[in-house]
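Structure, as structure tokens:
What follows is calculated from the coordinates using simple rules that are stated; it is not laboratory data. On a predicted model such as this, the values are computed, not experimentally measured, just so you know. Ideal geometry is used to build each Cβ from the backbone, glycine not excepted, and the neighbour counts take in all protein chains shown.
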Amino acid sequence: MTTAIEIAPQPEVSGRALRAFLRNPAAMLASGFLVFVTAVAFAAPLIYPEDPLSMVARPFLWPGQNPQFPLGSDSLGRDVAAGLVWGSRISLIIGIAAMALGVSIGVVIGATAGYFGGRIDDGLVRLVEIFQTTPSFLMLIVLVAIAEPRVESITVGIALVTWPTIARLVRAEFRSLREKDFVTAARGLGYGHLRIIFIEILPNALPPIIVTSSVIVASAILMESALSFMGLGDPNRISWGSMIGANRETLRTTWYLTAVPGVAIVLTVLALNMIGDALNDALNPRLSAER
Amino acid sequence: MPLLSVADLHTHFRTPRGILRAVDGVSLTIEKGESVGLVGESGCGKSTLGKTVLRLVDPTSGRVTFDGEDVVRLSRDALGPYRRRAQMIFQDPFSSLNPRHTIERILTAPLSVHGIGDRNERRRRVRAMIERVGLPLSSLSRYPHEFSGGQRQRVGIARALILGPDLVICDEPVSALDLSIQAQILNLLVEMKRDFNLSYLFISHDLSVIRYFADRVLVMYLGRVVESAAGADLWAKPLHPYTRALIQAIPDPTRRRQAAPIGGDIASPEDIPRGCRFHPRCPIATSICAEREPALETHAPGHQAACHHAGKLSRPPEA
Amino acid sequence: MTAPLLDVSNLTIRFPTGTPVADLGFAVGEGETVAVVGESGSGKSLTALAIMRLLPRTARTTSGGIRFQGRDLLALPEPEMRRVRGRKIAMIFQEPMTSLNPVLTIGKQIAEVLRLHEGLSSEAARKRSIQLLDLVRVADPHLRVDDFPHRLSGGMRQRAMIAMAVACGPKLLIADEPTTALDVTIQAQVLDLLDRLRRELGMALVLITHDLGIVGQWADRVVVMYAGRGAEEADATRLLDDPLHPYTRGLLAASPRLDARLHYTAGPLREIPGSIASALGEPGCPFVPRCPMALPTCRTKPPPLEEIRPGRLIACPPTLALERADAAAVGR
């Protein structure tokens, strides 16, 4: 071979996506906020070593009234700031754990259905449809009510109502990717099904899964809050939802007791959705090229 | 004994509009070291035939015998040894390489899946192969999108050859490439054939590429082989009217502004005409052509055609 | 000599990332077929889009002129340009499936052009659509007119595109790789059709292609482009018989052709080494990295297209010098 070959250096795909993400100011702001919330959650035992459920102050302290309790206290004299800090742990743990579990189930089922097709696909699609046609929040309430309302059961419950979304997405991705020549080539080289599914196809299906996952974390946080608001949360752990729920009776007089955790939920969910949008733009090169 | 022999192979697909008969009774043989060209237009089933031979698609009926063993009867798990000996090179160098894997990973995986060599041995083989196809060693750590079409096709060739196959099916390997790159890849394929003693089934829609590359040529139309001959015979004396039309349809400066050789569209393989498949477009069709399907018959030594009027078309084309 | 129908001179197209077309010039006479040949990355399709003024927003035609019937298209305000497009200059593309709207019938899409440019009533437009489908040799045009694009074969779709393009009787039809997506027997039909329409409707045809065989069979004149620049311009038959530019010569030698007695057992094909990507950032002639006869002077500045004999231009000073020396030797 005498052919001279030069390879034009080009930025790598993931590097380009990362730069696109970093250039997006909304995404940076949202990421900054989430890093802050995560740091607070980790540091909760250091900031407020005491149980946030214990009564430490005079009831109904307004924010700023007593510098020792900057966000005031509730009807039982519990420190709102401590509740907020400890509540972030529950929100994040449940949000992330439920997402991880739901995405795992969804990926396995969606990949199996999309890759094998045929009867396996028909059967799994039926299963997904059963879950998707049942009102998901009602199902969640029933699931949590049957099991004891604890962090674990809530997480499993939320995962069970969110996996179908991921499964549908993964199935669609796999159906189109399995037709690509590189998958045919992999079969022709004698690769096993597991290798083709997890090593050849899945990495190519990841971008939309990542985007959807960030939105799923947000909706899991919302679901947990809703459950806690209705009194179906873990009674031994404080969460943003249970703070709102516990103080809804005094909404007219001491509105800050619901507003403070409410704002925390809104900001966190908003940040997650903004990150989802930014990831979508960054991982979808065609879209970002048009800007 | 030929390396590969295919007998009365059918590959049908069920579609919402009916049965699609992509491959509809094809027989062929490939001798060791032979380069067989398979030419035809889109929808003629040439790609499906290639994939069926490799068991990437399951045939509806028929036999594929490779080195004396019936490949169709092998279970999917027992295909391993066959996969090592029969490989494929794809048309589109953009979709045939996994965009998320480095070239090194793409080339090492076949070896590790088949348990060939230890780490060092694999590394040595991959390095030797990448240099053999004319790419620098530094390409190993790069991703497919960093290469041009021709360079990717070199990677595709390296991947097909890394397991040391005897038979390689080339599915339009240069159709997606620019003219100035096509010659490079064709020359590389020829060198590989010589160095590794390969047999090729070379699928293309481009008669001029087939002419350069094939010892023997099969012409396919709507799922069937309509003519089969040694390359030289086919160009000099095509027996089937479709082959003649194909040859005359190639843009050629010596035929300034001549009318198209045949009209009409290729029928859908879901709705194959009765009788001779080609008769609705055939310039010399008679009533028998609409009624009876002609069999592939020998008209001269090593020259077969499936046409009721094959004998009457002895005049060479004007080209 | 009368002014040509289309006169492209010193056309340069710039993007923020590079200059894909530089200093390109060629002319198209009334009723003439001019082929623009090049591989992908040669800038041939961008040239077509520039003539139609349909370049992407980020592109800028920084210099040069495109004169059509004596008017400078680059200076025309957009509303007037819209009246030129479709009515005076029409264009067809490589992939007829993506350039037709999948949710409208063929008839509606042709009628739309007629209503827009000719102001026909919908009934008259439909009648004319059927006539046009008949003109482009679509069988049963009164039935096909109500078909959606996906119901038609690739060849039929390209015919429908051609019907739309010639609906208003343009003076110039630009066909960008019109047959690349089609099978060879269908390709012959479509090229035959384009040439017949050219004669019957008195249009000029700009045929953008990568296939030298098509050039030889159907074009009057040909412009060979390499990396955004004109490399050679000649009568089509002359070019194929006697290519001068090293790139054209390499291309012709590299292409396996039916008439050539080339077979792998007899030896390798002549290759052009490297790829067109090597032209990037080349200050001189873009072909230098792949050229067998490059001189140090070729690297200093891009060579202009120079006339070597009437109707024959090449952008290659070494070849030019050789040819002139030959001509002088013969003359003596």
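Distances between placed amide hydrogens fall under 5 Å for C:Met203 paired with no residue 5 or more residues away or on another chain.
Sorted from fewest to most neighbouring beta carbons within 10 Å, what does the list C:Tyr247, B:Tyr82 look like? Ranking C:Tyr247, B:Tyr82 by Cβ neighbours within 10 Å, fewest first, gives B:Tyr82, C:Tyr247. Residue by residue, region A:118-132 carries 3J(HN,Hα) couplings of x, 5, 4, 4, 3, x, 5, 5, 4, 4, 4, 5, 4, 5, 6 Hz when phi is fed to the Karplus relation 6.51 cos²θ - 1.76 cosθ + 1.60 (θ = phi - 60°); x denotes Gly or Pro. Here the dipole of chain C is about 600 debye; that uses its Cα centre as origin and unit charges on the Cβ of Lys and Arg (positive) and Asp and Glu (negative).
If you sort the three axes of the alpha carbon gyration tensor as a ≥ b ≥ c, you get a/c of 1.5 or more for region B:243-319 and a/b no higher than b/c, which makes it oblate. A DSSP coil position with no more than 15 other Cβ atoms inside 10 Å describes the following trypsin sites (Lys or Arg not before Pro) in region B:18-110: B:Lys32, B:Arg73.
Counting Cβ atoms of other protein chains within 10 Å of each Cβ in A:186-196 and taking the mean gives 6.
If I build a Gaussian network model for chain A, linking alpha-carbon pairs within less than 10 angstrom, which residue out of A:Leu92, A:Leu232, A:Leu46 has the largest mean-square fluctuation? Result for chain A, Cα springs under 10 Å: A:Leu46 fluctuates most. What residue among C:Leu207, C:Leu269, C:Leu239 has the largest mean-square fluctuation in a Gaussian network model of chain C, using Cα springs under 10 Å? Between C:Leu207, C:Leu269, C:Leu239, it is C:Leu269 that shows the largest mean-square fluctuation. Straight Cα distances below 23 angstrom link C:Lys88 to the lysines C:Lys44, C:Lys108, C:Lys127, C:Lys171, with same-chain residues fewer than 8 positions distant left out. For region A:179-188, the Karplus equation 6.51 cos²θ - 1.76 cosθ + 1.60, evaluated at θ = phi - 60°, returns couplings of 7, 5, 4, 5, 6, 4, 4, 4, 5, x Hz by residue, with Gly and Pro reported as x. Taking amide H positions as modeled 1.01 Å from N, with prolines and chain starts lacking one, the residues under 5 Å from C:Arg14 and 5 or more places away or on another chain are C:Arg60, C:Thr61, C:Thr62.
Straight-line cross-link partners of B:Lys46 among the lysines, defined as a Cα under 26 Å from its Cα and at least 8 positions apart when in the same chain: A:Lys180, B:Lys32, B:Lys193, B:Lys237. Direction-averaged projected area, Cα convex hull, the protein assembly as shown: 49.4 nm², rounded to one decimal.
Sorting B:His101, B:His10 from the fewest to the most surrounding beta carbons within 10 angstrom yields B:His10, B:His101. In the elastic network of chain B, a GNM with C-alpha springs shorter than 10 Å, the most mobile of B:Gly134, B:Gly149, B:Gly18 is B:Gly18. Computed per residue of chain A from DSSP H runs no shorter than four, each worth -39500 (n - 2.57), the mean residue ellipticity at 222 nm is -23500 deg cm²/dmol. Within straight-line reach of C:Lys301, meaning a Cα separation under 18 Å, sit the following aspartates and glutamates at least 8 residues removed in sequence or on another chain: C:Asp23, C:Glu232, C:Glu282.
Shielding of peptide B:184-191 by partners, expressed as the average count of other chain Cβ atoms within 10 Å per residue Cβ, is 5. Axis of helix A:151-177 versus longest Cα principal axis of chain A: the two differ by about 20°, to the nearest ten degrees.
For B:Gly25, the residues whose modelled amide H falls within less than 5 Å of its own, excluding neighbours fewer than 5 places apart on the same chain, are B:Leu9, B:His10, B:Thr11. About the centre of its Cα atoms, region A:125-238 shows a dipole size close to 340 debye [charges on the beta carbon of Lys, Arg (+1) and Asp, Glu (-1) only; nearest 20 debye]. The long axis of helix A:256-283 is offset from the longest Cα principal axis of chain A by roughly 10 degrees.
Taking chain B, the Cys residues with no second Cys beta-carbon under 4.7 angstrom are B:Cys44, B:Cys170, B:Cys282, B:Cys307.
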